[in-house]
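None of the figures in this text is laboratory data; all of them are computed from the coordinates on show. Predicted model only: the values in this text are computed from it and were never measured. No Cβ is skipped: glycine too gets one built from the backbone with ideal geometry, and neighbour counts run over all protein chains shown.
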């Protein structure tokens, strides 16, 4: 039961807060001019003070924990907006209704248009709905309060906490007809999001519905013991429709503009599979009315309080009947849920897209980083079911969605670089190129494009001035990402028919060649060279297929992976020493990140379809390549997509454990 206390710390324990930085150092304090700008739309989960002073959010005991007095937030302290802003390294944007009372410098971090109690449509609350909030935003743009240049590094946060559904029930009295209402709601929300993007906002994050059936207002009828399954079903249906629409919009735009913040999964990750909690203490709010006729903050005509506040708000998950307490938002202890929202936050937090001076990413290696060089006319990542989760169709990645390259690019604030094989048909080669080829290795394997061949291709483009050493490499911030070696060991094992004889010598020769390749990339002008260690090879599904039933890792393979990685660390250390200790060469510890991510997945497994993270989503393979007939219903629930590759969900979890070291090492 102790585990369940932590179910709502979903957002900011996940950021590894002591070390997470936005680009070059969020935690060092708010950025000044030129920072990313955050524009917020929605309801009380994001409102930081737009209501007039008669509202409950401006009355005691709201603001009890932070800042110690009412501050216009519907909580005892900070709300979602504050934490998103903090992660981005900026101050919370000023509320719209304060815009004329603050100095111009107070507008530099964006603006918050959210009003508590509002929805996509009109509710019973007399306040601006989402469309009207966007009208306010448009008016400010027309008045030149914010310029197009401001919007080039802008993010929109859109909060939708369920007021539309409350209004629907109040008007209709029952859930019948709710699916049709949800469809119309998502249609209007989609139009709103497109409108925000049309003004020039680069990235837009929209929250899914939290499990409405687990809010205290729903659990009060069971003395705060059981969630309402009917309301949770409504939340899940809404979220399914929202995810489908977001995917459709991204496919239509051919960019990853829109992201969802999956509050539902984050909430439910520490609940039982049925969504029920067996102790009232966790679902009970801290602040409640003395009777059902009163609510938190109410007083009678004589000024007497008609509410009670718990003794320790800092331990509460919920503040009132519908809002999380500050402890609920930022609880920094307990289980680390890095994989749930990380990619969404990383993707939107690196929204800046400035062609001049932006980092250039050059990628070399194998299928862990290949984003489309694999030939289209053969079985593999250009065929179904690859790409099922993102972008919804095959796109050359050996996963159901994104791969390591996408996360690194997003971390750098750029789009994933164009695959080398698509360079003549793509209009965007300004942010680097991806030379990686699935199945390749440091030495020749089953495919011809070794790491050396890929570097040859890079060098040839430099000679052809496709990428100028002076402009793109020397004077800009260039990064190389290298992931290679995994296929070399598979090829070696096949050639030796499983024999381990000579493996240590082979490993030493392979690492020596890899080090030479890294040095060559740097000599060609790349400023930072990042090389991934081998993953935990013995835990890849291909090594633990039935009759092992995906249970026990192959420790011999893991032992050799560790030996390889030890040699690689020493080789990189020598490269840096020879380079004058400039930390030019960086090791990305994929092995331990994958270990941590798998362990994290096990902790969350009680609420996922796949209890065993080592069991791949794709159970049917033809010559070791996933076949569409054998894919699990929900790849998002699996850690591995096929016999050798993490799923989209798996890469999200892995990257959450890589990001802290990148913040430290990848200062380009």
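Brief remarks follow.
- For segment 513-589, the square roots of the Cα gyration tensor eigenvalues, ordered a ≥ b ≥ c, give a/c of at least 1.5 with a/b greater than b/c, which places it in the prolate category.
- Sorting the segments 88-96, 363-371, 657-665 by their residues' average number of neighbouring beta-carbon atoms within 10 angstrom, most packed first, yields 363-371, 88-96, 657-665.
- Whole-Å semi-axes of segment 167-248's equivalent ellipsoid (Cα gyration tensor): 28, 15, 11
- Take 577-589, 412-424 and order them by the average number of nearby Cβ atoms within 10 Å per residue, most first; the result is 412-424, 577-589.
- As computed over segment 131-182, the Cα convex hull volume per residue (Å³): 105
- Backbone N within segment 189-212 under 11 Å of label point (7 Å from residue 131 Cα along the Cβ vector): 189, 191-192
- Shape box of segment 36-166 [Cα atoms, principal axes, largest first, Å]: 40, 32, 26
- Calculated FRET efficiency for the pair residue 247/residue 612, C-beta based, R₀ 35 Å, to 0.05: 0.80
- Cβ-Cβ FRET estimate between residue 171 and residue 100, R0 fixed at 35 Å, reported to 0.05: 0.50
- Highest-first arrangement of 644-650, 244-250, 76-82, where packing means the average Cβ count within 10 Å: 644-650, 76-82, 244-250
- Annotation for residue 582 and residue 180: the two label points, set 7 Å from Cα along the Cα-Cβ direction, are 6.8 nm apart.
- At q = 0.18, 0.24 Å⁻¹, base-10 log of I(q)/I(0) for segment 353-457 (Debye sum, equal scatterers on each alpha carbon): -0.85, -1.34
- Nitroxide proxy distance, nm - points 7 Å out along Cα→Cβ at residue 221 and residue 499: 7.2
- Short to long, the 10 Å bins of the Cα pair-distance histogram for segment 58-109 hold 25, 45, 30, 0 percent of all pairs.
- Computed log₁₀ I(q)/I(0) - Debye formula, equal Cα scatterers, no solvent, segment 120-225, q 0.20 Å⁻¹: -1.10
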